[in-house]
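Read-outs throughout are calculated quantities, based only on the coordinates presented, and are distinct from any laboratory measurement. All of these numbers come straight from a predicted model, not from anything done at the bench. Glycine also receives a Cβ, built like all others from the backbone with ideal geometry; neighbour counts cover every protein chain displayed.
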Amino acid sequence: MTQQTRHAPNRLERRKAHTRSALVRAAQTFIAAGKPNVPILEITQAADVGMGSFYNHFDSREQLFQAAVEDALDRYGGLLDELTVGLDDPAHVFAQSFRLTGRLHRRQPELSKVLLSTGLVLAGSDKGLAPRARRDIEDGVRAGRFSVRDPELAMVTVAGAALCLGQLLHEQPERDDATATDQVTEDVLRMLGLPPEQAHEICERPLPHLDSDRP
């Protein structure tokens with residue numbers, strides 16, 4: 001009896017975590033589909049959970065959608081950390097993150113559309129690509145790799161380029177995403193002060209594989 005009592009909360013916590021995750025993933029699907037006003041009942045049906053379970057985790061649809069965006073940003077931020085580990089040149093780290101982000105739009109379209117739904121709020125977020133790009137720009141300035149007068153303004157420019165590139169790749173499926181992304185990355189690196197030949201060389205380097213079925 002004591003053994004069962006000790007393990008019961010663990011099972012309960014796992015069930016609660018599973019329910020919350022199901023709601024978040026369902027919300028991400030609706031965000032990606034451009035349905036921000038979907039009824040809560042439809043969200044719970046898509047998540048295959050009861051209506052009452054929704055209010056055990058969220059006070060409103062807006063709160064759920066905010067959690068869904070933050071979850072997407074956290075997941076993608078973690079993926080970037082994983083795929084840039086071991087790189088010590090901030091210019092290379094920045095370029096690799098930007099190049100991988102551009103490729104994300106075709107390889108993980110639902111996650112991409114959730115991220116794009118944040119708009120320019122992405123530039124000021126403390127999650128996902130923004131804080132990592134800001135860190136890499138500042139590291140690049142300190143290392144003498146980048147030359148920018150105002151890192152925050154540079155970050156706004158970078159965020160705008162990333163968002164517009166993603167939108168373009170969704171609107172023009174015939175455009176080669178890798179070529180377009182590397183060209184934009186090279187231009188951004190030059191904007192940050194990297195010499196043209198170095199910017200081109202960095203964008204020619206091989207990338208780690210961005211699996212389409214990553215979580």
Exercise for review: Any chance you could get the radius of gyration and Dmax over the Cα atoms of the chain, in Å?
Suggested key: 20.0, 71
Practice item. Give the residue from Met191, Met51, Val158 lying farthest towards the positive end of the charge dipole for the chain; charges sit on Cβ (+1 for Lys and Arg, -1 for Asp and Glu) and the dipole is referred to the Cα centre. Key: Met51
Point to revise | Relative contact order %, region 40-122, counting alpha carbon pairs below 8 Å whose residues are six or more apart | key: 24
Review point. For Met191 and Asp59 in one chain, what is 0.36 nm times their gap in residues minus the Cα-Cα distance, to one decimal in nm?
Key: 43.1 nm
Study note, to complete from the structure: The answer for the longest stretch of the chain without any exposed trypsin sites (Lys or Arg not before Pro) (DSSP loop, at most 16 further Cβ atoms within 10 Å) is 1-148
Practice item. Calculate the length of the line joining the C-alpha centroid of region 79-129 to that of region 12-63, in whole Å. Key: 25
**Study point:** Student exercise, region 94-215 dipole from Lys, Arg, Asp, Glu Cβ charges, in Debye to nearest 20
**Key:** 320
Practice item. Please say if region 159-215 is rounded, prolate or oblate, where rounded means a/c under 1.5 for a ≥ b ≥ c the square roots of the C-alpha gyration tensor eigenvalues, and otherwise the choice is prolate for a/b larger than b/c and oblate otherwise? Key: oblate
Study note, to complete from the structure: From DSSP H assignment alone, runs of 4+ in the chain each adding -39500 (n - 2.57), the sum over residues rounded to the nearest 500 puts [θ] at 222 nm at -23500 deg cm²/dmol
Review point. What percent do you get for the relative contact order of region 121-208 when only Cα pairs under 8 Å and 6+ apart count?
Key: 26
Check your understanding: Out of residues 5 or more away from Gly193 or on other chains, whose amide H comes under 5 Å of its own, with H placed 1.01 Å from N in the peptide plane?
Key -> Ser147
Check your understanding: For region 112-215, rounded, prolate or oblate, judged on the Cα gyration tensor with a ≥ b ≥ c (square roots of eigenvalues), a/c < 1.5 rounded, else prolate if a/b > b/c?
Key -> oblate
**Study point:** Shape of region 1-96, Cα gyration tensor, a/c cut at 1.5
**Key:** oblate
Study note, to complete from the structure: Here, Ser147 and Glu110, labelled 7 Å along Cα→Cβ, have an inter-label distance in nm of 4.7
Review point. Percent relative contact order of region 43-179, based on C-alpha pairs within less than 8 angstrom and at least six residues apart?
Key: 28
Review point. How many nm separate the modelled label positions at His18 and Cys164, each set 7 Å beyond the Cα in the direction of the Cβ?
Key: 4.7
**Study point:** GluC sites (Glu not before Pro) lying in DSSP loop within region 150-185, provided at most 16 other Cβ fall within 10 Å
**Key:** Glu174
